[in-house]
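To keep things clear, I will list the structure first and then write my remarks on it.
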Amino acid sequence: MTRTTAELMAFAEDLYYDLDFKSVKRWKVKTGGHAIGFMPVYAPREIVHAAGAMPVGIVGAGDWLEVIRGDAYYQSYLCHIPRSTIDMAESGRLDFLEGMLFPSTCDVIRNLSGMWQIVKPDMYTRYVDVPQNFTDGVGGQFWAHELRTLAQELGERTGTEVTDERLRASIALFNENRRAVCDLYSLRRDEPARAPTSEVYLMVRAGLVMDVEDHTALIREYITAARNITPPELDNARVIVVGAFCEQPPIGLIKSIERSGCFVVDDDLILISRWFTDNAAETGDPIEALALAFVHDSVPTAVMYSAKAGRGKAVVERVRVARAEGVIFAAPSFCTPALLDQPMLVAELDREGIPYTAFKFAENAGQFQPIREQTGTFADTMKLWSVA
Amino acid sequence: MNSIMAGGVDVGAAAVKAAIVRTDNEGSDELLATHVERIRRRDPKVVINDTWQAALEKAGVRHGDVEYIATTGDGELVTFRRGHFYSMTTHARGAKFLIPDTTLVLDAGALHARSIHIDHRAKPLGYRMTSQCASGSGQFLENIARYLGVGLDEVGELSLKSRNPEMVSSICAVLSETDVINMVSRGIATADILKGIHLSMAGRFARLIRSLSDVGKLTFTGGLSADVGLVAATREELDKEGVEIEVRSHPQSIFAGAIGAGLWGAFRHAKLLAKTA
């Protein structure tokens, strides 16, 4: 029986609020598989999957965990995600993991990988040093080497060798998952009242703690259910949200943006679900395929070096494709990649005459009225005073 | 240009206000009907529907005749809305409709107060708002009225009769409420207590207003705009500070948000029609 969007949302909400990761634990019992955690923004989930493990996205504890132990590890002005992650580790919530991957997202995540080795000395911990050079012979070669090492280490840990055949199958599954997520994003872009971001976000985020095939089926089911509803006819301002690719905003913040009169028609939330802009090759050497996909088809974002300084233009292009009227910069407090990128992006928006507004948030923010005020007046500005 | 019929629904913390307007978006704006219902302890969605139906009946029109329904405040509760505007934007437009030479707006409602500086198009140029503190809010005044056994609609007139206002010692709502209880036990006249409370609130309002401008024509909007004692106290406080701000209220001021939402809705409707033409 097909579930309604409300029923699917209830399912996704349960996963969102579950800091005990019960869905992953159930999967482990059922399959006998392992679980390897990864921090934002990018980790090669296909390799984890091919090693017989579920890649589990660890994106902080949101606004429903009181951080006590985590504050002892980090300065109070830093972003919130490392302290809530350490707190979850210290309280035993992440003991179900057999390993943890820390991508080279920023200095804080790199530092967290060091902390992790102190807090969890028996757990497999790896700093995933993604390349910042995007030529095949330099960055591509380096990344292929890193991926081979990771595949070998994970295979030794889980007891499941990452063969080419297994890895090609995993690549195909994640390609299919990415296509489903992109279809969902297209549906929201074209009919945002049918698939509001507060729902799309939870649907996509569910994939961090689900088996990839089950998640693909969930996304497809939601798309079908959303197409069956009669959406309200709303005259909202179309915006894209930029900057929340690592620490995630609380769901209340996303709802506040929508309630203030905005349709969020594109975003960079849970960016790993759409990291490659094209499918990774499902034939040939699968390690090479992943390496080349990374250097050729990674989505432009602040954690990736861009010699062509094209990220401003990329945001303008996203605005155009999404038929957006403005941009909301929503960056976590002290998120150096997002906040250092912002002036470049803003300069390009200024050149193009695209309106924008900016605020900072923390994953545990509980008071949204000021943000609602800001995005509400921003939406009014676009709807009432823009020349378009 | 053809006239457009639009509706505005202002969902506040204490009451739901609805307005139905007709406009050609070129200066000919007409207010067809207004209606207000206090929420009390009822389901806000039921109150919203009742308020809207009553406004339709007063205007003598059907729901389907209204081309654009816009909300303001907690508008997501209004399932039949087309658009939503932020309350500052709608109160500015509503105030401009009610008193066209308005340059400053003071929106004082159940939970907060906000001063807004606007231009000739009713576009907000700047604003100041009270924080989370309850003093200076309608809820605070309602609590005081309850302690004194006075109906909310009697508060304003009683305050105007005060001869010797008793000032509260603190701007904190919690401490002020304790103050009021002490005043009652000391036998202070109700009118003097209310005037003291009004002056305390007006002092906060004056600071909000003066942080935007020392000159202008101010229109009071929001639920507290019907409180003639509070409007008079605000006038007194600003006069005392020697600024050139004329303070006015309008019999329909409590509907400014709903009226503004309706008028902006009509404006938006015309804009969308022009886009698709």
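Residues are listed down the side, and each one gets a yes or a no for (1) open to solvent by less than 20 Å² (accessible area, probe 1.4 Å); (2) within 17 Å of B:Thr103 (Cα to Cα); (3) in contact with a Pro (Cβ under 6 Å, 6 or more places away or on another chain):
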position	(1), (2), (3)
B:Ser176	yes, no, no
B:Val184	no, no, no
B:Lys217	no, yes, no
B:Glu236	no, no, no
B:Asp239	no, no, no
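Going through the range A:372-386 one residue at a time, which ones are at the interface with chain B (Cβ under 7 Å from one of its Cβ atoms), in contact with a helix residue (DSSP H, G or I) (Cβ under 7 Å, 6 or more places away or on another chain) and open to solvent by less than 20 Å² (accessible area, probe 1.4 Å)?
Listed by number, the residues that qualify are A:Asp380, A:Lys383, A:Leu384.
Consider B:Asn25 against the criteria (1) free of Cβ contacts under 8 Å to residues at least 40 places away in the same chain; (2) crowded, with 17+ Cβ neighbours inside 10 Å: it satisfies all of them except one. Which criterion is unmet?
Of (1) free of Cβ contacts under 8 Å to residues at least 40 places away in the same chain; (2) crowded, with 17+ Cβ neighbours inside 10 Å, only one is false for B:Asn25: (1).
From the list A:Ala322, A:Ala347, A:Ala314, which one is in contact (Cβ under 8 Å) with a residue 60 or more places away in the chain and among the small types (Gly, Ala, Ser)? Quick ask: steps written out before the conclusion?
Details: A:Ala347 fails: in contact (Cβ under 8 Å) with a residue 60 or more places away in the chain; A:Ala314 fails: in contact (Cβ under 8 Å) with a residue 60 or more places away in the chain.
Only one candidate passes the filter, namely A:Ala322.
Can you pull out the residues in the range A:231-274 that are more than 15 Å from the chain's Cα centre (by Cα), surrounded by 20 or more Cβ atoms within 10 Å (Cβ to Cβ), more than 11 Å from chain B (Cβ to nearest Cβ) and assigned to a loop (DSSP other than H, G, I, E, B)?
Scanning the range A:231-274 gives no hits.
Right, A:Ala347: under 26 Å from A:Gly252 (Cα atoms) and either assigned to a helix (DSSP H, G or I) or of a type outside the set (Asp, Glu) (or both) or not? Spell out the reasoning first.
Values: under 26 Å from A:Gly252 (Cα atoms): no; either assigned to a helix (DSSP H, G or I) or of a type outside the set (Asp, Glu) (or both): yes.
The answer is no for A:Ala347.
Report whether or not A:Gly366 is open to solvent by 40 Å² or more (accessible area, probe 1.4 Å), closer than 28 Å to B:Ile116 by Cα and more than 14 Å from chain B (Cβ to nearest Cβ).
Details: open to solvent by 40 Å² or more (accessible area, probe 1.4 Å): yes; closer than 28 Å to B:Ile116 by Cα: yes; more than 14 Å from chain B (Cβ to nearest Cβ): no.
Against the criterion (open to solvent by 40 Å² or more (accessible area, probe 1.4 Å), closer than 28 Å to B:Ile116 by Cα and more than 14 Å from chain B (Cβ to nearest Cβ)), A:Gly366 does not qualify.
Given the range A:34-139, what helices (runs of 4 or more DSSP H) lie entirely inside it while holding 2 or more residues that are surrounded by fewer than 20 Cβ atoms within 10 Å (Cβ to Cβ)?
Numbers: elements: A:45-50, A:81-90, A:107-119.
Fully inside the range A:34-139 and qualifying: A:107-119.
Of the residues A:Ala281, A:Ala330, A:Ala322, A:Ala314, which single one is more than 30 Å from B:His91 (Cα to Cα), buried (at least 18 other Cβ atoms within 10 Å of the Cβ) and not aromatic (Phe, Trp, Tyr)? Steps first, please.
Working: A:Ala281 fails: buried (at least 18 other Cβ atoms within 10 Å of the Cβ); A:Ala330 fails: more than 30 Å from B:His91 (Cα to Cα); A:Ala314 fails: buried (at least 18 other Cβ atoms within 10 Å of the Cβ).
So the residue among A:Ala281, A:Ala330, A:Ala322, A:Ala314 that is more than 30 Å from B:His91 (Cα to Cα), buried (at least 18 other Cβ atoms within 10 Å of the Cβ) and not aromatic (Phe, Trp, Tyr) is A:Ala322.
Take the residues in the range B:256-273 that are more than 11 Å from every other protein chain (Cβ to nearest Cβ) and over 17 Å from the mean Cα position of the chain (by Cα); name whichever of them is surrounded by the most Cβ atoms within 10 Å (Cβ to Cβ).
B:Ala266
Here is a check on your reading of the model: is B:Val228 away from chain A (no Cβ under 14 Å), closer than 18 Å to B:Asp153 by Cβ, hydrophobic (A, V, I, L, M, F, W, C) and open to solvent by 10 Å² or more (accessible area, probe 1.4 Å)?
Judged against the criteria, B:Val228 is a match.
Can you give me the ranges of the strands (runs of 3 or more DSSP E) entirely in the range B:1-70 with at least 2 residues that are at pLDDT below 95 and not aliphatic (A, V, I, L, M)?
Working: elements: B:4-11, B:15-23, B:29-38.
Because the criterion is at least 2 residues that are at pLDDT below 95 and not aliphatic (A, V, I, L, M), the strands (runs of 3 or more DSSP E) in the range B:1-70 that meet it are B:29-38.
Residue by residue through the range B:206-223, note down the ones that are more than 13 Å from the chain's Cα centre (by Cα), within 28 Å of B:Val9 (Cα to Cα) and in a helix (DSSP H, G or I).
Across the range B:206-223, the qualifying residues are B:Leu208, B:Ile209.
From B:Ile69, B:Ile118, grab the single residue that is assigned by TED's automatic domain parsing to the domain that holds B:Leu208 and more than 12 Å from the chain's Cα centre (by Cα). Steps first, please.
Numbers: B:Ile69 fails: assigned by TED's automatic domain parsing to the domain that holds B:Leu208.
Residue meeting the stated conditions: B:Ile118.
May I ask you to say which residue of A:Glu153, A:Glu146 is in contact (Cβ under 8 Å) with a residue 12 or more places away in the chain, under 24 Å from the mean Cα position of the chain (by Cα) and surrounded by fewer than 21 Cβ atoms within 10 Å (Cβ to Cβ)? Can you show your working first?
Values: A:Glu153 fails: under 24 Å from the mean Cα position of the chain (by Cα).
Answer to the selection: A:Glu146.
Mind counting the residues in the range B:72-86 that are outside any helix (DSSP H, G or I), at the interface with another protein chain (Cβ under 9 Å from one of its Cβ atoms) and closer than 15 Å to A:Gly376 by Cα? Before the answer, list the steps.
Step one: filter the range B:72-86 for residues outside any helix (DSSP H, G or I), giving B:72-74, B:78-86.
Next cut, at the interface with another protein chain (Cβ under 9 Å from one of its Cβ atoms) only: B:74, B:79-86.
Right, trim to closer than 15 Å to A:Gly376 by Cα and you get B:74, B:83-86.
Residues flagged as outside any helix (DSSP H, G or I), at the interface with another protein chain (Cβ under 9 Å from one of its Cβ atoms) and closer than 15 Å to A:Gly376 by Cα within the range B:72-86 amount to 5.
Hey, does the range A:213-226 have a residue that's under 17 Å from the mean Cα position of the chain (by Cα), surrounded by fewer than 20 Cβ atoms within 10 Å (Cβ to Cβ) and of a type outside the set (A, V, I, L, M)?
no
Residues are listed down the side, and each one gets a yes or a no for (1) surrounded by fewer than 22 Cβ atoms within 10 Å (Cβ to Cβ); (2) within 14 Å of chain A (Cβ to nearest Cβ):
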site: B:Trp52; (1), (2): no, no
site: B:Lys58; (1), (2): yes, no
site: B:Glu67; (1), (2): yes, yes
site: B:Met88; (1), (2): no, yes
site: B:His91; (1), (2): no, yes
site: B:Ala95; (1), (2): no, no
site: B:Asp101; (1), (2): yes, no
site: B:Leu111; (1), (2): yes, yes
site: B:Pro124; (1), (2): yes, yes
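If you check every pair at least six apart or on different chains, which have Cβ atoms under 9 Å apart with a residue in the range A:270-283 that is within 15 Å of A:Ile171 (Cβ to Cβ) first and a residue that is among the aliphatic types (A, V, I, L, M) and open to solvent by 50 Å² or more (accessible area, probe 1.4 Å) second?
Close Cβ pairs satisfying both conditions: A:Ala280/A:Leu292; A:Ala281/A:Leu292; A:Glu282/A:Ala169.
Out of all the residues in the range B:29-38, is one or more under 30 Å from B:Arg128 (Cβ atoms) and within 14 Å of chain A (Cβ to nearest Cβ)?
no
From (1) open to solvent by less than 30 Å² (accessible area, probe 1.4 Å); (2) part of a loop (DSSP other than H, G, I, E, B); (3) more than 17 Å from A:Cys246 (Cβ to Cβ), pick out the condition that doesn't hold for A:Ala302.
So A:Ala302 meets the others, but not (3).
Looking at B:Thr221, B:Thr178, B:Thr234, which is the one that is free of Cβ contacts under 8 Å to residues at least 24 places away in the same chain and among the hydroxyl-bearing types (Ser, Thr, Tyr)? Let's see the steps before the verdict.
On the way: B:Thr221 fails: free of Cβ contacts under 8 Å to residues at least 24 places away in the same chain; B:Thr234 fails: free of Cβ contacts under 8 Å to residues at least 24 places away in the same chain.
Sole residue among the options that is free of Cβ contacts under 8 Å to residues at least 24 places away in the same chain and among the hydroxyl-bearing types (Ser, Thr, Tyr): B:Thr178.
The values are calculated or read from the model by the stated rules, or taken from the named source; none is laboratory data. Treat the numbers as computed from the prediction; the structure is a model and nothing was measured. Every residue, glycine among them, receives a Cβ derived from its backbone with ideal geometry; neighbour counts consider all protein chains shown. Please note that ligands, DNA and RNA were not included when accessible areas were found on the heavy atoms of the full protein model with its side chains. Shrake-Rupley method; radii C 1.70, N 1.55, O 1.52, S 1.80 Å.
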